[in-house]
Amino acid sequence: MIELDAITKVYTKGFLRRQKTIAVNNVSLSIKKGGSLGLVGESGSGKTTLGRIALRLIEPTSGMVRFDGVNLTALSRSALRQIRPRMQIVFQDPDTSLDPRMTVRNCVAEPMKIWNLVGPQEEEDRILELLEQVGLQPDLAGRYSFELSGGQKQRVALARVLALNPGFIVADEPTAALDLSVQAQVLSLIKSVQKKTNLTLLFISHDLQIIEQMSDTVAVMHKGAIVEQGTTRDVLKTPKDPYTKNLIAAAYESETWLGKERGRSL
Ligand SMILES: Nc1ncnc2c1ncn2[C@@H]1O[C@H](COP(=O)(O)OP(=O)(O)OP(=O)(O)O)[C@@H](O)[C@H]1O
Ligand SMILES: [Mg+2]
């Protein structure tokens, strides 16, 4: 269970004439254990900032984050370190988390070594199990990550994260850098892993169609604030806020989701 309570983040820039950006403005939301919340909003609305605050990768200016009842914002560095493996992030660009000079095997083994999760005997079995879980052939284990396709890289990045048995994942536009066809595969992989392992997921996207597929609940972010939240079904079917209505209308105009498909799925 993840709870964000009245989170605000103000970035200040410059020394003399300080420029302030309110990236996140008094946001509260919660995701129940094993649930998936889609955070949607236009570029610059504060999604990434909020996602990182939820993991305490960024300190909020004010507000509180709780993970399974533990107040993350009050934890010491060492206590935070203990809990760290349980909270992970999947980035838009898999290259952010993969070292091209490492083999797939080593990429997946690295977090397990750092956190001392498996002994040398079990390590290879666990690597193969994780590769299978993310739909990669075992013979890829010896390849370097620069020898992989974008979709395969994102699968390896996911295997690295899953190696830590996390309870909570923030996926920040995890398929935005992939081809459409590969996008669909990686999304359904994330969804099935989430269900199977009862992961709590904060899924960030500017694409409502993807949010509809990935999330039980949705929060619509606009200029740092949540303007609407609820079950994905309700929000997409009967949006109340004008900004949400615009987002849905814009999606209607541009894509196939647009036509009967959407009517049917809702
Ligand atoms: N490190 C930083 N220092 C100063 N301002 C920042 C910093 N990071 C983000 N911002 C500003 O905070 C606001 C929110 O940015 P954020 O990256 O959270 O948006 P986003 O919704 O993730 O956008 P996108 O969809 O483009 O990824 C923006 O105005 C951005 O310029
Ligand atoms: Mg972002």
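No lab work stands behind these numbers, since they all come straight from the coordinates. Please read all numbers here as calculations on a predicted model, not as lab measurements. Every residue, glycine among them, receives a Cβ derived from its backbone with ideal geometry; neighbour counts consider all protein chains shown.
For this structure, a couple of remarks:
- Residue pairs whose Cβ atoms lie under 6 Å apart, sitting 6 or more positions apart in sequence or on different chains, and linking a residue in the range 115-144 that is without any contact (Cβ under 8 Å) to a residue 40 or more places away in the chain and under 13 Å from Thr103 (Cα atoms) to a partner that is among the polar types (S, T, N, Q) and surrounded by 16 or more Cβ atoms within 10 Å (Cβ to Cβ), are Gly142/Thr103.
- Looking only at the range 89-123, and only at residues there that are hydrophobic (A, V, I, L, M, F, W, C) and part of a helix (DSSP H, G or I), the one that is nearest to Gln137 (Cα to Cα): Val104
- Elements of type helices (runs of 4 or more DSSP H) contained in the range 148-253, each with 2 or more residues being closer than 28 Å to Asn106 by Cβ: 150-162, 180-196
- Those residues of the range 1-23 which are within 25 Å of Leu199 (Cα to Cα) and in a strand (DSSP E or B), in sequence order: Ile2, Glu3, Leu4, Asp5, Ala6, Ile7
Rundown of residues vs (1) surrounded by 22 or more Cβ atoms within 10 Å (Cβ to Cβ); (2) among the aromatic types (Phe, Trp, Tyr); (3) closer than 22 Å to Tyr243 by Cβ; (4) more than 15 Å from ligand 1 (Cβ to nearest atom), yes/no style:
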site	(1), (2), (3), (4)
Asp5	no, no, no, yes
Lys9	yes, no, yes, no
Phe15	no, yes, no, no
Gln19	no, no, no, no
Ile22	no, no, yes, no
Asn26	no, no, yes, no
Lys33	no, no, no, yes
Ser43	no, no, yes, no
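- Filtered residues of the range 74-88 (kept if without any contact (Cβ under 8 Å) to a residue 24 or more places away in the chain and either hydrophobic (A, V, I, L, M, F, W, C) or not in a loop (DSSP other than H, G, I, E, B) (or both)): Ala74, Leu75, Arg77, Ser78, Ala79, Arg81, Gln82, Ile83, Arg84
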